[in-house]
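Here's the structure, in structure tokens; my notes come after.
The values are calculated or read from the model by the stated rules, or taken from the named source; none is laboratory data. Remember, it's a predicted structure, so these values are computed and weren't measured experimentally. All Cβ positions, even for glycine, are placed from backbone atoms using ideal geometry, and neighbour counts span all protein chains on display. Please note that ligands, DNA and RNA were not included when accessible areas were found on the heavy atoms of the full protein model with its side chains. Shrake-Rupley method; radii C 1.70, N 1.55, O 1.52, S 1.80 Å.
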Amino acid sequence: QKKKENTRIEDLQTAYENIDSNQIEKFEDFPLSKETFSGLKKHNYVVPTEIQKESIGFCLRGRDVLGAAKTGSGKTLAFLIPLLEVLYRNKWTRLDGVGAIIISPVRELAMQTFNVLNKIGEFHDFSVGLVTGGKDLKFEKKRMNQCNIIICTPNRLLHHLDENPLCDCSNLQILIIDEADRCLETCFEETMNRIIQHLPSERQTLLFSATQTKSVTALARLSLKDPQYVSVHENS
Ligand code: ADP
Ligand code: MG
């Protein structure tokens, strides 16, 4: 059984090299785990949007990606699918701690992302925590070490990183910043700087936003490695 799973993971990784975004018509054309396929299918996600077609291949291959596409273009799945796959490939279990963090500028957006992840991730066995400050801090604190995926707002995440000994992110595989242009704005600058200092630099980083964030200093402090820019414009 274990061997079978190893083979499956190796096959996926080989297939990543051959992903050609021009050839992708359905999600099925991407090499993904059967758990992710089941989640997509159950919730009627069949045809990827343009940003999903263009960016998912790079994300699966482990590249740092800066994705830009207008609001409503499907950026959430563009990062949630690679997130599920990276934890799947690493055979992440509930005992492995925090493997992925998604930072959203506001609580409402974090909640939306949480809902979408619970849908398409339902056939995986990862625990997901919403860390946004709307809930009891004590409850959040105790649960932090049981979460594999944390969806959070910048201030609340930093609070835990600074003060909660149970918040251990040293195994982090992937950091995702949604609405990156807003998260990297001046009001969050200091918070984001401090968050990054808490996180291991050996990780994949994905930034998604409506506009391309090329601010050099903002990117430098995220220590992106040879980032791939993916922009999808309205009339493409
Ligand atoms: P963005 O973050 O770019 O503003 P969202 O990820 O919130 O966009 O997606 C906008 C809407 O499109 C959501 O209602 C979502 O369920 C839907 N959607 C996203 N991807 C697909 C898809 N491949 N097929 C059908 N609907 C999709
Ligand atoms: Mg969005």
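Right, I9: more than 30 Å from K141 (Cβ to Cβ), in contact with a helix residue (DSSP H, G or I) (Cβ under 9 Å, 6 or more places away or on another chain) and crowded, with 23+ Cβ neighbours inside 10 Å or not? Taking the combined requirement at face value, the residue does not satisfy it. Just checking, how many residues over region 218-236 are modelled with pLDDT of 75 or more and of a type in the set (S, T, N, Q)? Summing the residues that are modelled with pLDDT of 75 or more and of a type in the set (S, T, N, Q) in region 218-236 gives 3.
Selection over region 45-79 of residues that are of a type in the set (G, A, S), more than 14 Å from ligand 1 (Cβ to nearest atom) and farther than 22 Å from A218 by Cα gives a count of 1.
Residue-wise test of (1) touching a Lys or Arg at 6+ places or on another chain (Cβ under 9 Å); (2) closer than 25 Å to H43 by Cβ.
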| residue | (1), (2) |
| --- | --- |
| F126 | yes, yes |
| G129 | yes, yes |
| K138 | no, no |
| K142 | no, no |
| I174 | yes, yes |
| I196 | yes, no |
| L219 | no, no |
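In region 78-112, of all residues being away from ligand 2 (no atom under 16 Å from the Cβ) and among the hydroxyl-bearing types (S, T, Y), the one that is nearest to the chain's Cα centre (by Cα) corresponds to Y88. Selection over region 41-77 of residues that are within 16 Å of ligand 2 (Cβ to nearest atom) and within 14 Å of Q204 (Cβ to Cβ) gives a count of 6. Identification of helices (runs of 4 or more DSSP H) wholly contained in region 142-199 with 1 or more residues that are more than 16 Å from ligand 2 (Cβ to nearest atom), crowded, with 22+ Cβ neighbours inside 10 Å and within 18 Å of the chain's Cα centre (by Cα) yields 154-163, 186-198. Per the listing F139, F126, the residue uniquely in contact with a strand residue (DSSP E or B) (Cβ under 6 Å, 6 or more places away or on another chain), more than 16 Å from ligand 2 (Cβ to nearest atom) and open to solvent by 10 Å² or more (accessible area, probe 1.4 Å) is F126.
Taking region 102-125 as the range and being away from ligand 1 (no atom under 11 Å from the Cβ), in contact with a helix residue (DSSP H, G or I) (Cβ under 7 Å, 6 or more places away or on another chain) and within 21 Å of Q52 (Cα to Cα) as the test, the residues that pass are I102, I103, L117, G121, E122, F123, H124. Within region 21-70, the residues that satisfy the criterion of being surrounded by fewer than 21 Cβ atoms within 10 Å (Cβ to Cβ) and of a type in the set (K, R) are K26, K34, K41, K42, R61, R63, K70.
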